[in-house]
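The values are calculated or read from the model by the stated rules, or taken from the named source; none is laboratory data. This one's a predicted model, so the numbers in the text were calculated from it and none came from an experiment. Cβ placement follows ideal geometry from the backbone for every residue including glycine, while neighbour counts extend to all protein chains displayed. The protein model used for the area step is the full one, side chains on, heavy atoms only, and it has no ligands, DNA or RNA in it. Shrake-Rupley method; radii C 1.70, N 1.55, O 1.52, S 1.80 Å.
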Amino acid sequence: MSIDFTPLFRRRFVRIARRTSAWRGNLQRIQTGLLRRMLEKAMKTEYGKKFGFREILESPDIYESYAKRVPLISYEDIRDYVLRMIKGERDILWPGVCRDYAQSSGTSGGKSKYIPITGDSLSGNHYRGGEDAVAHYMNHHPESRIFAGKGFILGGSFSNTLGIETGKTKVGDLSATLISKITPLAEIVRVPDRKTALLPDWEKKLPALVEQASKENVTNISGVPSWFLTVLRKILEKKGAQGLKDVWPNLEVFFHGGISFEPYREEYMEMAKGLDMHFVETYNASEGFFAVQDEPDDPSMLLIIDRNVFYEFIPVGESPDKIIPSWKVEKGKVYEMVITASNGLWRYRLGDTVRVMATDPVKIKIAGRTGSFINAFGEELMEDNAEKAMAKAADHCGAHIRNYTAAPVYARKGKKGRHQWLVEWDTPPRDVSEFARMLDKALREVNSDYDAKRSGSIFLDMPEIVTAHNGLFDQWLKNAGTHKLGGQRKVPRLSNNRDLMDALLSINEGLSK
């Protein structure tokens with residue numbers, strides 16, 4: 001019989017959760033104090049000297065001086081700094097040498113971006129954010145026995161596109177770094193073991209995960225909903241079980257993030273029938289752990305203001321010079337989020353937009369990306385990736401594309417998810433199925449996250465190509481009121497939901513009659 005450690009940990013976690021009650025009325029003080037500490041720590045770095053961190057600290061209004069002296073940046077602005085850090089240079093964006101980097105896709109200047117994971121960001125943000133998720137859950141569920149069994153944590157690996165082989169510097173998924181550096185005591189309450197968790201080959205990793213997890217008393221699971229759905233299906237198949245209750249009768253909570261949970265909610269609820277199951281959303285990115293759902297009946301997330309991240313917000317649709325600090329946001333408005341963090345990201349534009357649901361304390365919902373994208377399965381497919389891959393596939397197949405758009409098809413009833421591409425041709429390819437194969441190949445070449453999800457067709461199936469009737473997109477543009485002669489005519493290339501795609505398919509079907 002396993003020992004229930006929950007009573008041992010409960011008081012500590014409840015205390016962590018309840019510290020947030022002191023945030024009301026103190027947002028500016030807490031955030032400004034945190035900014036001061038980060039500036040003090042980094043003022044002797046190359047970046048700190050370049051932008052006058054010491055002078056900022058001497059100013060009567062630190063935030064006003066900081067916003068005036070330090071520019072807003074995207075990843076491309078600091079790519080060269082980061083590459084120097086990866087090669088071992090010290091005191092560049094953050095004090096000391098940084099040996100760990102989270103690889104993710106989404107920039108136009110290269111296949112991947114590499115986010116520094118410093119010791120301060122690990123201990124002061126990523127791990128603390130995970131603690132906050134558990135803490136708020138336990139605070140609202142005094143009956144929880146979460147530590148009576150194990151947590152099933154699904155993570156990535158250290159496989160990367162830089163070709164780094166040194167043991168000193170590691171590049172890979174954020175989750176791989178978190179798993180590799182966590183205290184060995186965590187093995188007592190976690191599955192799978194570290195070796196299995198870090199396997200890079202999903203064709204070997206998946207059966208190992210299923211084998212280990214299906215034997216344990218799992219009380220909680222953590223990960224990306226799309227990934228976990230595949231693993232859970234395999235576990236139910238292996239055990240010949242109808243639902244998760246037959247495998248893990250004590251399962252009580254899923255901590256999820258990375259992508260929207262809504263497309264998967266129905267299937268998870270079906271799997272969890274008979275369990276008193278709870279779902280907790282988190283906002284945890286490579287750049288930092290930013291927010292957590294702190295109340296079970298409120299789907300919005302509490303912005304974590306004391307964990308080594310300083311926040312700024314740009315009102316969507318307005319100039320970046322309209323940027324404001326967190327204590328000036330307005331309820332109901334949508335903002336692009338900008339962060340300053342203890343990993344050396346100074347006034348960094350994440351590319352995420354959030355809707356402010358409350359202001360004291362700040363609570364948010366993720367609104368989407370600032371540009372078109374598909375991230376339904378954790379693939380982070382951006383428009384630049386799509387344009388390059390479509391051009392390459394068309395060239396190979398002798399095709400010419402007039403217009404296209406793409407959207408996810410979500411996993412349903414045992415079928416894996418896929419991307420659906422609606423394409424209007426000037427010159428169609430000789431073989432549409434060959435075009436699909438070439439598009440898939442090209443996408444895997446330009447996007448490391450897509451490549452990982454397509455590995456072995458475990459999480460994501462081949463793309464589906466649907467041929468559009470001539471004039472489909474022009475008709476949609478007219479119907480949408482956006483077709484203006486001599487003006488800009490643009491069809492969204494990528495959508496993270498099916499609204500546009502379903503509307504276009506309906507028009508396309510009508511043109512067939």
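Extension gain for the segment ARG84 to ALA358, taken as residue separation times 0.36 nm less the Cα-Cα distance, is 94.6 nm to one decimal. When all alpha-carbon pairs of the range 251-356 are counted, what percent fall beyond 25 Å? Taking all Cα-Cα pairs of the range 251-356, the fraction more than 25 Å apart is 29 percent. The simple spin-label model puts a point 7 Å past each Cα toward its Cβ; for LYS168 and ASP499 those points are separated by 5.0 nm.
Over the range 159-292, what per residue volume does the convex hull of the Cα atoms give, in whole Å³?
Convex hull of Cα atoms, per residue: 128 Å³.
Scattering from the range 1-97 was approximated by placing one identical point on each alpha carbon and applying the Debye formula without solvent; log10 I(q)/I(0) at 0.15, 0.17, 0.20, 0.21 1/Å stands at -0.77, -0.85, -0.98, -1.03. Extension gain, GLU76 to VAL316, is 84.3 nm, computed as 0.36 nm per intervening residue step minus the present C-alpha separation. Counting every C-alpha pair in the range 244-300, the share spaced more than 19 angstrom apart comes to 35%.
Given R0 = 25 Å, the distance between the Cβ atoms of HIS140 and GLU40 translates into a calculated FRET efficiency of 0.10. Over the range 407-446, the pair-distance histogram of Cα-Cα distances with 10 Å bins from zero comes to 23, 47, 27, 3 percent, rounded to whole numbers.
Per DSSP H run of n ≥ 4, the term is -39500 (n - 2.57); total these for the chain, divide by its residue number, and report the mean residue ellipticity at 222 nm rounded to 500 deg cm²/dmol.
-10500 deg cm²/dmol, from helical runs alone.
Using R0 = 41 Å, the C-beta based FRET efficiency linking GLU266 and GLU55 works out to 0.15.
In a DSSP loop and with at most 16 other Cβ atoms within 10 Å, the trypsin sites (Lys or Arg not before Pro) in the range 213-270 are LYS215. Among the trypsin sites (Lys or Arg not before Pro) in the range 354-445, those located in a DSSP loop and surrounded by at most 14 other Cβ atoms within 10 Å of their own Cβ are LYS413, ARG430. Given Cα pairs under 8 Å that are at least 6 residues apart, what percent is the relative contact order of the chain? Across the chain, relative contact order equals 13 percent. Database remark: amide H of ALA367 closer than 5 angstrom to the amide H of THR353, VAL354, ARG355 (H placed geometrically; neighbours at sequence offset of 5 or more, or on other chains; Pro and chain starts carry no H). Applying the criteria of a DSSP loop state and at most 15 other Cβ atoms within 10 Å to the trypsin sites (Lys or Arg not before Pro) of the range 1-70 yields ARG24, LYS44. Using the Cβ-Cβ distance between ILE62 and VAL14 with R0 = 51 Å, the FRET efficiency computed as 1/(1 + (r/R0)^6) comes to roughly 0.95. For the range 43-162, the C-alpha radius of gyration sits at 1.40 times the compact-globule guess of 2.2 N^0.38 Å, with N the residue count. Couplings for the range 416-429, taken from phi via the Karplus curve 6.51 cos²θ - 1.76 cosθ + 1.60 with θ = phi - 60°, read 6, x, 7, 9, 10, 10, 9, 10, 9, 9, 7, 10, x, x Hz in order; Gly and Pro are left as x.
Summarise the long-distance tail of P(r) for the range 303-456 by giving the % of C-alpha pairs beyond 25 Å. The answer is 47 percent, as a whole percent. Taking every DSSP bridge with both residues inside the chain, close to 65 percent are antiparallel.
With an a/c value under 1.5 for the gyration tensor axes a ≥ b ≥ c computed over the alpha-carbon atoms, the range 295-380 is described as rounded.
Three principal axis extents describe the C-alpha atoms of the chain; from largest down they are 65, 60, 47 Å. For ILE304, the residues whose amide H sits under 5 Å from its own are ALA291, VAL292, ignoring neighbours fewer than 5 places away on the same chain, with H placed 1.01 Å from N. The distance between label points at ASN479 and LYS413 comes to 2.6 nm (points 7 Å beyond Cα on the Cα→Cβ vector). Amide H contacts of GLY96: ASP91, each under 5 Å away and 5 or more positions distant or on a separate chain (H built 1.01 Å from N in the peptide plane; Pro and chain starts excluded). At the residue level, HIS400 shows approximately 110 square angstrom of accessible surface with a 1.4 angstrom probe and all protein chains present.
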